[in-house]
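Shown next, in structure tokens, is the structure this report addresses.
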Amino acid sequence: MILRSIALSNFRKFREPLRIEGFTDGLNIVIEPNETGKSTILEALRAAFFVRYSAKTELVRSYVPLGDDVAPRVAIAFDVKGQGWTLEKQFLKSAFVRLEGGGGRRESDAAEETLQQLLGFERGNSRGTDEETRGPLGMLWVEQMGALEVKGPNRIVRDSIRGVLEAEVGAVTGGRRFDAIRAGVETAYSALRTPATGKSRGDLLAAEARASAAAAARQAAETGFRDYEHALAELDGVKARLRLLERDLVDPETVETRKALEADQKVAESAVLRATAAEAQFGRAEEVARTASSRIERLAAAETRAVAASALLQEKSVAEAAARAASDGAGDEEKRLRACLDDARSMREARETALGQARERARAHAVAAAARRAVDARRALADLEARERLLVEEAAGAIPERDLGDLAKLERAAIEARARFEAGAVRVEVAVGDGVPLRIDGVESDVAWLDILAATKIELGDAGSVTIRPPRGAGRSIEADLATASEALAAALRSLGLDSHSAGVARNERAAAAARELTALRSQMAAACPGDATIALAPGADALRAFVAELGAGMADALPPADDLDALEAGLGEARLAEADAAGRHDDSRIALSKAETVLARTQAELGSALREDVAAREDLRNVLEGGDRGALEGALAEARRERAQKLEALEDAREGSRAFDVDAIRRRIENLDRAARRAGEERLELTARIASLESTIAREGTTGPAGVLAEAREEEDAAIAAVDKLRREADVLEMLRSVLLDAANEASRTFMGPVTRRAGHYVERLLPGSGLSFDEALGLSGVARAGMEEACADLSRGTQEQLAILTRLAFADLLLEDGAPVSLILDDPLVYSDDTRLETMTDILKDASSRMQVILLTCRSKAFRHVDANRMMLK
């Protein structure tokens, strides 16, 4: 395939129409700076050939120039197998495609299909970015940075290469026919099982489902048959139970027993009523006697309470008086000890104040001493800083080695020019008398000497003339060389501020020594500024300078204090001990006062309680005696006790009569008989309903023939199991065949790799002598063997990976050319990581390849490809 021209409009950065013509059959190099649209040209080619004109994907929308609402358009002229074609394609707005050539014109889908057949690619996905469908050109048109990844060819290219290699190696496996056989086996296997997991599917899955359904039907038939036989047996048992139950319901003995129990119940209930009435009368008599006895007891208790309350009142009065005296004494003691504590606290505060003042004077003296040290350090630092400035200035005077080297070259050139001048010139000294005119080459002069580089005529008035001719080879060029070298040396010395090269060397030596001394000096300056926590001075020269600058007047002149800090601290310690002792004694007195007050409060509360109890006891005694004296109360108690004894005797007689009958037992027996009768009736209803249900079930299932249904279900299950076994054996055979074909494919891949490796090795030997290549099953380059070591492609340098990616593409292109496929190689910004030697080798290989196919390089590096003989093009 040969590209002849390409025209763009409204395509990304090319808003204005662009047309590129002049592509040749061989090597073409498009050289333009970055950001001029070289990569856009390649993208436009891909859009024209591989993206359908009707697509409206995100990729197609990206063709529109930013901010515009226009229709991107691409037009290409190209040759395939010696026949010319033109392709025009417009996207988005009024989209169309037009393909002319081969004696006709095609549009729309017909044009797209013809283009696919012509260039050997397939319709891709909706995004237009499916590399597997782009065919040979999709592999050989490499975008920017695309060659940095070493990967195998796409599916279409692999199939084409295998077809070529089949004829060369004489193998069937690995080619189209083998792929068809293998695809048929895979299709047959996929109809029965999933290739990845081996799970059943299709006919096998349906057969297994049929077997499962048949097993379930057989189990259901067995269950139905068992239920039918069980219903027949259960019906006989239920009928027998119903006959026994109906006989029990009409038993005459049970009726007579219930009548007798009802008569006994009435007699027993009458006896219970009499006993209940006797108990009530006895209860009333018992209550009267209890009330009389209680009044006697209350009287005795009230008398005892009154005596005890009087004694308690006297006791509590004495205790309250004693507690009051103790509380008063504790209060006086607390006041005295409080005064002692105040005195001790005042003493401690006074001594703390004195010690604080002394410590402040000591701190002020320490700060002043530290400030004096800081001032001294600042003075020392000032001397060091002055020396530092001198050293910095001297070190900064160093002359760059490059300038010094240039100066040495100029000085040597001046010396050499002087030597050449002195060797080629003739010095003439002239001495003439007074009044004798001197003319040199006809011009009057008064020089005493001159250097002659060319034939010169000297006239001495009228006395005559002398013509001096210097040796052959001398000339004014020597003088010009000397003047040029001298002026260049003088200009260099002036720019560097030097008298000579040796002065520059001496200055550099002084600068180096100053730099070394400066390093040591700065270490000394850092050590001279350690900082001082006493005055919050941080380490460093900046902090020291700032501190001394802000130092107050007279701060560094404080006199040492005359205080005895040890004596003051000892006095403060004694005062604190005295205060602690006074505080302890005062706390103890407060506790004693609190306890005395607590005892006083308790005794006062107890005294008040005793008073209330005495009043209440007297009131209670008066209330008890309101109904009479003690003799009347004791007579009423004796009468109530006699009445209670009589009622008790009557109660015993009634209870004796009721013991002959047990009313609760009689009632329970009657309830049990009634409950049994009700349960028998309910059971008869249940048995009658169960009989009807069983008879209905037997009548219904008997017509379907449960035994026959069970036999049919078993036959269906056997047939389903046989079908599953057959399909499983078939799937197992297909799986074995897949494995055998896979092994054969691997062997064929190894057979195919020989021709591929030889073609690629032809190129690699030129780039990496003594190296071998290895390819994987998908024809992708997997590694490089050199010096007896196998290296994976991913472990190689980026430059080597790019070079190998281009070379393997060339090897595949050669194979495709043998198959008659349309081939052209386009590389966008190639060989960016190649060194000079490999770049030259790679360009030679590309030049050789251009004799077999069209090669187009898009690059921004004019210098890198300047040595290559090619058709150079520019974007206009």
Residue span residue 61 to residue 298: 0.36 nm per residue of separation minus Cα-Cα distance leaves a gain in nm of 73.8 nm
Output ordering of 537-545, 664-672 (per-residue mean of other Cβ within 10 Å, highest first) is 537-545, 664-672
If each K or R counts +1 and each D or E counts -1, the residues other than residue 84 whose Cβ falls under 12 Å of its Cβ total 0
Between the modelled labels at residue 375 and residue 205 (7 Å from Cα along Cα→Cβ) the distance in nm is 10.0 nm
Compactness summary of the range 300-397: radius of gyration and Dmax from Cα atoms, Å, are 40.9, 130
So the pair-distance distribution of the range 825-876, from every Cα-Cα distance in 5 Å bins, comes to percents of 5, 18, 34, 29, 12, 3, 0
For the range 38-125 the GluC sites (Glu not before Pro) that pass both the DSSP coil test and the at-most-16 other-Cβ-within-10 Å test are 122
The simple spin-label model distance between residue 98 and residue 597, using points 7 Å out along Cα→Cβ, in nm, is 11.9 nm
Short to long, in 10 Å steps from zero, the percent of alpha-carbon pairs of the range 1-144 per bin is 11, 43, 38, 8, 0
Once residue 145 and residue 738 are pulled to full extension, the length gained, defined as 0.36 nm per residue separation minus their Cα-Cα distance, is 209.5 nm
FRET efficiency for residue 439 and residue 506 from the Cβ-Cβ distance with R0 = 41 Å, rounded to 0.05, comes out at 0.25
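Just so you know, all these numbers are worked out from the coordinates, no wet-lab data involved. In this text, all values refer to a predicted model and were calculated from it rather than measured experimentally. Cβ: placed from backbone, ideal geometry, glycine included. Neighbour counts: every protein chain shown.
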